[in-house]
Amino acid sequence: WKIGVAGGIFFVAALLTAILVPLSLHKLSFDEVAIEYNTVSRELGTEVLTEGLHDTGPSGTLLKFKTTQREGKMTQLRALSADSIELFLDVSVFYSIIKNDIRKVIDKFSDQETHDKFIVFFSEAVVRDTAATFTAKQFYLQRQSFQTQLQAALVLKFASASADARVDSVQ
């Protein structure tokens, strides 16, 4: 009977191991960072996890964020020029999340999708403000100047608003 009990205990241990180990391991790709989240205690981890295999325990999950360049696209964005002529702009803002600020992004926005929406909404306001400094004629004749000024304004506004992202380029 001792062999039967030992065999039963071994079987249960092997079954639990086979179930719990895959639930505990989470993989991050080269273009992802994450913060661990315990679904039972509702606690966020403090460490930013990078590429590789991470053991979070069976109650843990990872809140993942892409670190590759993201695109905030604004199509047919309405703006007024300095001489009050209505402009319709197609603008793309290319940005990257700052890896070390992932915890702040989660605290402010909860996930990447909400952060992306904020970046686009915030960028729309900066585009409108920048367009208002150009007359319609200047806008169409000096498009590169507008783009350069817009990128500089976005960099400053992102920093002052703690957007937790870096502007890479504007088109």
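Does Q149 meet the test of being in a helix (DSSP H, G or I), surrounded by 15 or more Cβ atoms within 10 Å (Cβ to Cβ), more than 20 Å from the chain's Cα centre (by Cα) and not charged (D, E, K, R)?
The answer is yes for Q149.
Would you tally the residues in segment 159-171 being surrounded by 15 or more Cβ atoms within 10 Å (Cβ to Cβ) and out of contact with any strand residue (DSSP E or B) (no Cβ under 6 Å at 6 or more places or on another chain)?
Taking segment 159-171 first, the residues surrounded by 15 or more Cβ atoms within 10 Å (Cβ to Cβ) are 163-167, 170.
Adding the requirement that they be out of contact with any strand residue (DSSP E or B) (no Cβ under 6 Å at 6 or more places or on another chain) leaves 163-164.
The total comes to 2.
If I filter segment 54-70 for residues that are without any contact (Cβ under 8 Å) to a residue 12 or more places away in the chain, over 30 Å from T133 (Cβ atoms) and outside any strand (DSSP E or B), do I get at least one hit? So that I can check it myself, show each step before the final result.
We begin by selecting, within segment 54-70, every residue without any contact (Cβ under 8 Å) to a residue 12 or more places away in the chain; these are none.
No, the conditions are met nowhere in segment 54-70.
Scan segment 90-104 residue by residue and report those that are β-branched (V, I, T) and over 27 Å from T148 (Cα atoms).
The answer is I102, and nothing else.
May I ask you to list the residues in segment 45-60 that are farther than 24 Å from R166 by Cα, modelled with pLDDT of 90 or more and open to solvent by 50 Å² or more (accessible area, probe 1.4 Å)?
If the condition is that a residue be farther than 24 Å from R166 by Cα, modelled with pLDDT of 90 or more and open to solvent by 50 Å² or more (accessible area, probe 1.4 Å), then L53 is the only one that fits.
Of D129, D83, D90, which residue is modelled with pLDDT of 90 or more, over 24 Å from the mean Cα position of the chain (by Cα) and not in a helix (DSSP H, G or I)? Reasoning before the result, please.
Working: D129 fails: not in a helix (DSSP H, G or I); D90 fails: over 24 Å from the mean Cα position of the chain (by Cα).
So the residue among D129, D83, D90 that is modelled with pLDDT of 90 or more, over 24 Å from the mean Cα position of the chain (by Cα) and not in a helix (DSSP H, G or I) is D83.
The values are calculated or read from the model by the stated rules, or taken from the named source; none is laboratory data. Just so we're clear, the structure is a prediction, and the values are computed from it rather than from any experiment. Cβ atoms come from the backbone with ideal geometry, glycine included; neighbour counts cover every protein chain shown. Note: areas computed on protein heavy atoms with side chains; ligands, DNA, RNA excluded. Shrake-Rupley method; radii C 1.70, N 1.55, O 1.52, S 1.80 Å.
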